[in-house]
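Right, one structure below, let's go through it.
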Amino acid sequence: MATARLSVEACCTSDHVHATTATARSSVEACCISDQVHATTATARSSAETYCISEHVHATMATARFSAETYCISEHVRATTATQSSSVEACCTSGQVHAATATDRSSAETYCISEQDHATMTTKRSSAETSCTSDHIPATTAMERSSAETSCTSDRIPTTMATKRSRAKTSCISNQIHATTASSTQAALLKRIKELETELQATQRRLRLAQKQRCQALAAKQRLTAGLKKYMNEDQIKCLEKKTMRGTRWSKKTIIKALKVRLSCGARGYDVVKELGQPLPSERTLQRRLKRYKFAPGLLHDIMESLALKVNVMSPEERHATLMLDEIQLKRGLAYDASSGRVLGPPTLPLADGTLPARCLATHGLVFMLGGVSTRWKQTIAYHLTGGSFHAKTVRDFIIEIIKACEAISLKIDVVVTDMGGGNQGLWKLFGIVVGKHSKPKTSCPHPCDKTRKLHFMADVPHLFKNLRNHLTKDHKICVPEEVVKRHGLPGNQVSIEPIKKLVEIDSKADLKLAPHLKPSCVDPNHYDKMKVGPAFSLLNSDTGAALRLLVDDGTLEKSAVTTAWFVETMFRWFRLMTSRTTKLALSHFDDVQYGKAVGFLEEIIQLFEQLSIVDGGKIAWKPVQTGFILATTSVLELQKLFLESYDFKFVFLSRFSQDALENLFSTLRCKNPVPRVMEFKSTLRAATMAQFLRPSRDGSYIEDDCFLLAGMEQNEKTTKKKK
């Protein structure tokens, strides 16, 4: 029994040694398996361990099925426990390996592989030893088997306790490793967070700076655009952003602006303006845009339709208008009009005798224009080409046609203004207008559209002023009636240019001039000076009369010069009243005293020109200038009464009854050529009308009026679309 016990103890000791060895080998094996698991998945690691243990059990049971069964179970438990313990250690070791460098990891993998091979060989050896040992154990009794089982069980308890201690140690080591790893990781993360925060702050600063610069750029662009809008239209500003202006759709405002520049500067000046950076359409574009408007001689129906749109929004006072007509000299010639397919050059109105010869060419252009009475507007509505004269009856019928067309669109025409030309005087006679030395003045006729109204005719005041100046500069003697001489205490009745010539001579030698506006050209005008109002205004001026009186008082001039001074001052006062543009000189009932003085003065002018005489070459004759002064002054007195009392006007500006607007149109047409050709006349007249632009030249014949064109291209575009 002792021998048997010793054998069993030896066996158990051997088994314990083998179990310890197996555990150590299993630890190595588990380490290897753990490395394999880290290379694969956790599930594969568990399967591999179970498979190895199963193979080991099957090998043991095949050797000793009964006696060694308990031993194998014990070995299985020890191996399992050791494996679990070694797995934890291997896991910790694996964490250390992962924290190491790639070189250490590669070395560990190589080491594990070698250890795995060694563990495999040891396991095989242990299996063989176990098999041999089991062959030596005889088949004993149940008590021996029980003793063996008890020995195995006692061996299992220390093994379990060792396993628990190993687990505790492994857990502590693992916690220390995890704490160290977490600390280093946290430090790295905090460092990275600080770097990212610094980078974010820098990026935010750059973003704020970029946004500020963008806002500044947008504000600068808006300021620049706002500044450009004062001088340019929207399409012009957009052209500045492009490299080329080709394909640009120009607005009507830009076309009108370009036409104004073209009319003011000419072709070369227009090109210079474009070269300076002003985005403007080409001349071909302007021609193409104007081509649709035929603008044939006669009544301009397109203009009348657009004018009707403007009239619809006018107040009743604004609808009162003056009809003006005058001629402009043209150069003879023929020209082909591509827009209408006709040849321009022959007159469109018969001559004075009612005939129209086949070879007759036009020498003048007769233009008809409307001008506002209460507000400042003007509009060209018709034109014709005439020869050396025109048939008065045809023109009379055409005037009636124009008046009816204007009345149809709610415009009221109460006065017709012309100059003192021979054809116009014949026209007056056809309307029943009579003014003469031995007849009572008749300045109106029944209105063609309303028999209860009157149509008044009036001679143009600036033309009369120039004609009177021409009589003086031609050394014609103007004799004032004796009644006027006595009333004003004049030394004589004769008005002469000689005292004024002496005044000019004295001023030319003096540094301090008595009449600074009086020039030698005023008393001795050439052909072109005779057509200008400015020199006439300087001659028949209150400054000239005051200078003459001063020279008479000094004894430099004879007392007879006082009559000339009085006449000059009287004509200056008459001209200012007849061309009034301010409320100070306008006729109004607000100041009845001043109104009475103005009306009384105008009545004296009528009496003066009815009684005075003009001596030409020793002969006394009734001159057209006398007819014009009486006609104009009488018509003004009747018109101011009509507008102040019947139409309830507060003021009447008498300048609205002159041809200033029409003469300024002629000045615009003569900008490039004093005597334009027929085709040039038509093209310029069309462009000026479409562009609503009248800019007289500085050396024009008339003072610039304060009116604006009412209808033009923009309104014509609307009427054209409606027709379509």
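Assorted remarks:
- Sequence-distant residues sharing a close amide H with ASP616 (under 5 Å, placed H): ALA621
- FRET efficiency for the pair ARG573 and LEU309, taken as 1/(1 + (r/R0)^6) with r the Cβ-Cβ distance and R0 = 60 Å, rounds to 0.90.
- 26 Å Cα-Cα threshold exceeded, pairs from LYS260/LYS294; LYS229/LYS260; LYS229/LYS252; LYS238/LYS310; LYS260/LYS331: LYS238/LYS310
- The stretch 204-293: chymotrypsin sites (Phe, Trp or Tyr not before Pro) in DSSP loop, at most 16 other beta carbons within 10 Å: TYR231
- Most to least packed among 567-576, 176-185, 271-280 [average Cβ atoms within 10 Å]: 567-576, 271-280, 176-185
- Label-point separation, LYS230 to GLN611 (7 Å along Cα→Cβ), nm: 6.0 nm
- Relative contact order of the stretch 478-615, defined on C-alpha pairs under 8 angstrom at six or more residues apart (%): 29 percent
- A Förster radius of 25 Å, combined with the Cβ-Cβ distance separating GLU645 from LEU430, puts the computed FRET efficiency at roughly 0.25.
- Here the extension length gained between HIS301 and SER183 equals 32.8 nm, from 0.36 nm per residue of separation less the Cα-Cα distance.
- Under the Karplus curve 6.51 cos²θ - 1.76 cosθ + 1.60, θ = phi - 60°, whole-Hz ³J(HN,Hα) for the stretch 584-593, x wherever Gly or Pro sits: 5, 9, 5, 7, 7, 8, 5, 10, 5, 5
- Length available on full extension from LYS672 to ARG205: 0.36 nm per residue minus the Cα-Cα distance, which gives 161.8 nm.
- 3J(HN,Hα) from dihedral phi, the stretch 380-390, Karplus parametrisation 6.51/-1.76/1.60, rounded to Hz, x for glycine, proline: 6, 10, 6, 7, 9, 9, 10, x, x, 8, 9
- Spin-label proximity, MET531 to the stretch 319-344 - amide N less than 12 Å from point 7 Å beyond Cα toward beta carbon: 327-331
- Remark: spin-label model distance ARG249-GLU407 equals 4.5 nm, labels positioned 7 Å along the Cα→Cβ axis.
- Under 5 Å from the amide H of ALA362 lie the amide H atoms of GLY333, each residue being 5 or more positions distant or on a separate chain, with H modelled from the backbone and absent for Pro and chain starts.
- The slack in the chain from ARG342 to LYS509, taken as 0.36 nm per residue of separation less the alpha-carbon distance, amounts to 54.1 nm.
- Two-site label geometry, ASP554 and SER542: point separation in nm, points 7 Å out along Cα→Cβ: 2.2 nm
- Average silhouette area of the stretch 199-306, convex hull of alpha-carbon atoms, in square nanometres: 10.6 nm²
Bear in mind these aren't lab numbers, they're just calculated from the coordinates by the rules spelled out. These numbers come from a predicted model, not from an experiment. Here Cβ is always computed from backbone atoms with ideal geometry, including for glycine, and neighbour counts include all displayed protein chains.
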